[in-house]
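> The structure under discussion is supplied below as structure tokens; questions concerning it will follow.
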Amino acid sequence: MKEAEAHLRKTVGLDIPGDKPVGELTVGEQQLLQVCRALYHRPKVIVFDEPTAVLASKEADRLFEIIRELRRQNIGIIYISHYLNEIVQLCDRITVFRNGTKVDTLETKGLDIEHIVYLMVGREIGEQFPVKKRTAGEPLLRVEGLTHIDQFRNIRFQVRSGEIVGVTGLMGSGHTRRLHAAKSNPVA
């Protein structure tokens, strides 16, 4: 147990008891634990498939530090992501696929995200989605003082006609619970 805890601390900087159930770890800790497990066997190559999709910014930054350290240790890394800023920031070389077919492999140094997008979609992105000026109309839904015991308090928002309101959060953050509560308790 102590050996596993020491490996976890040394490899990914997590200081958690070795007997703590994985289900009690945060999503970020679980992700780092997966990296630690993979590194225990001293791989020559490690694949990261959308590793930051469920991570907070601080956790993602820690993961990037670990990835850079792996590079210094001469471990090969395949990094799969839809977050193009991560690709440009972390990778030496990228390969772009479109509809399951390889389009190109390029060095990332000096590469801009607009060019990557062009390779991904096969045209300038502005061609399909021109900017349109819209004005939101009257409020259709207004939520004020939405509270759930020990979960959240005094949430307020509104949705106006012609408007799209996004509600987001990491897995387990409660954003879905809040939306369901708002849907069943609207204030007109």
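The values are calculated or read from the model by the stated rules, or taken from the named source; none is laboratory data. All values derive from a computational prediction rather than experimental measurement. No Cβ is skipped: glycine too gets one built from the backbone with ideal geometry, and neighbour counts run over all protein chains shown.
> Within the set of pairs 6+ apart or on separate chains, which have a first residue in region 142-165 that is under 27 Å from Lys132 (Cβ atoms), a second that is at pLDDT 80 or above and not in a strand (DSSP E or B), and C-beta atoms under 6 Å apart?
Final answer for the pair search is Arg160/Ala136; Arg160/Gly137; Ser161/Gly137; Ser161/Glu138; Gly162/Ala136; Gly162/Gly137; Glu163/Ala136.
> I'd like the full set of residues that are closer than 26 Å to Leu55 by Cα, surrounded by 10 or more Cβ atoms within 10 Å (Cβ to Cβ), modelled with pLDDT of 75 or more and not charged (D, E, K, R), limited to region 148-172.
His148, Ile155, Phe157, Val165, listed by residue number.
> Checking Leu39 against (1) at pLDDT below 90; (2) loosely packed, with under 10 Cβ neighbours inside 10 Å, only one condition comes out false. Which one?
(2)
> Right, next: With the condition kept exactly as written, say whether any residue in region 122-136 is more than 23 Å from Ile164 (Cβ to Cβ), among the polar types (S, T, N, Q) and not assigned by TED's automatic domain parsing to the domain that holds Leu25.
No, region 122-136 contains no residue that is more than 23 Å from Ile164 (Cβ to Cβ), among the polar types (S, T, N, Q) and not assigned by TED's automatic domain parsing to the domain that holds Leu25.
Here's the yes/no breakdown for (1) of a type outside the set (A, V, I, L, M); (2) within 20 Å of the chain's Cα centre (by Cα):
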{"position": "Pro17", "(1), (2)": "yes, no"}
{"position": "Phe48", "(1), (2)": "yes, yes"}
{"position": "Arg62", "(1), (2)": "yes, yes"}
{"position": "Val88", "(1), (2)": "no, yes"}
{"position": "Lys102", "(1), (2)": "yes, no"}
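Results for (1) in the same structural domain as Thr52 (by TED's automatic domain parsing); (2) surrounded by 15 or more Cβ atoms within 10 Å (Cβ to Cβ); (3) modelled with pLDDT under 90; (4) not charged (D, E, K, R), shown as yes or no for each residue.
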position: Arg72; (1), (2), (3), (4): yes, no, no, no
position: Gly76; (1), (2), (3), (4): yes, no, no, yes
position: Tyr79; (1), (2), (3), (4): yes, yes, no, yes
position: Glu86; (1), (2), (3), (4): yes, yes, no, no
position: Asn99; (1), (2), (3), (4): no, no, yes, yes
position: Glu107; (1), (2), (3), (4): no, no, no, no
position: Asp112; (1), (2), (3), (4): no, no, yes, no
